[in-house]
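Right, one structure below, let's go through it.
The values are calculated or read from the model by the stated rules, or taken from the named source; none is laboratory data. These numbers were taken from a predicted model, which means no experiment stands behind them. Here Cβ is always computed from backbone atoms with ideal geometry, including for glycine, and neighbour counts include all displayed protein chains.
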Amino acid sequence: MITEEKAKAFAAEWINAWNSHSIENILEHYENDVEFYSPLIPLLKFNDEGVIKNKIDLKNYFEIGLNTYPDLNFQFHHCFVGINSVVIYYTSVNGRLSAEVFELSENGKAKRVICNYSNKY
């Protein structure tokens, strides 16, 4: 079970990693066999399914995102705590409201992520 303190720390570290644009720091938050679901995957023409199932492909996808949005800066709003999950609510690229559900492993890394975005483009 994750504590509120650990959830807040995960959220802060994740936001800071993205805002640093350091792919290594970003990837530290994910397991090697991660399942990552996002409607932006097809939008960025990575694949048509909207799912990535390993860290190597996730790295390639994140690099596309960082190159596509060189001014990327996430603004944290709130995090929500579950049993072994964290939801991070933030403002993403182009002012789009976002909420990502992170199911965490026993190592405290994301093993399953479901990304949700507002329709604002």
The one condition His78 fails out of (1) surrounded by 14 or more Cβ atoms within 10 Å (Cβ to Cβ); (2) under 22 Å from Glu103 (Cα atoms); (3) touching a strand residue (DSSP E or B) at 6+ places or on another chain (Cβ under 8 Å) is (1)
Expected output for region 66-83 (first residue β-branched (Val, Ile, Thr), partner surrounded by fewer than 13 Cβ atoms within 10 Å (Cβ to Cβ), Cβ below 7 Å, 6+ apart or cross-chain) is Val81/Glu4; Ile83/Met1
Just name the residue that is nearest to Tyr117 (Cα to Cα) out of those in region 35-55 that are assigned to a strand (DSSP E or B) and in contact with a helix residue (DSSP H, G or I) (Cβ under 6 Å, 6 or more places away or on another chain).
-> Phe36
(1) exposed (fewer than 14 other Cβ atoms within 10 Å of the Cβ); (2) closer than 20 Å to Met1 by Cα all hold for Ser118 apart from (2)
For residues in region 71-114 being assigned to a loop (DSSP other than H, G, I, E, B) and among the basic types (Lys, Arg), which is modelled with the lowest pLDDT?
-> Arg96
Under 6 Å between Cβ atoms, at least 6 apart or on separate chains: pull out the pairs that start in region 22-37 with a residue that is without any contact (Cβ under 8 Å) to a residue 60 or more places away in the chain and end on any residue that is among the aliphatic types (A, V, I, L, M) and not in a strand (DSSP E or B).
-> Asn25/Ala17; Ile26/Ala17
Verdict on Asn67 being part of a loop (DSSP other than H, G, I, E, B) and among the polar types (S, T, N, Q) | no
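Residues to consider are Lys6, Lys53; find the one that is exposed (fewer than 15 other Cβ atoms within 10 Å of the Cβ), over 20 Å from Ser98 (Cα atoms) and touching a Gly at 6+ places or on another chain (Cβ under 8 Å).
Exactly one residue qualifies, and that residue is Lys6.
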For Ala12, indicate whether it is at pLDDT 95 or above, surrounded by fewer than 15 Cβ atoms within 10 Å (Cβ to Cβ) and of a type in the set (A, V, I, L, M).
-> yes
Taking the stated definitions as given, is Leu58 over 18 Å from Ile114 (Cβ atoms) and among the aliphatic types (A, V, I, L, M)?
-> no
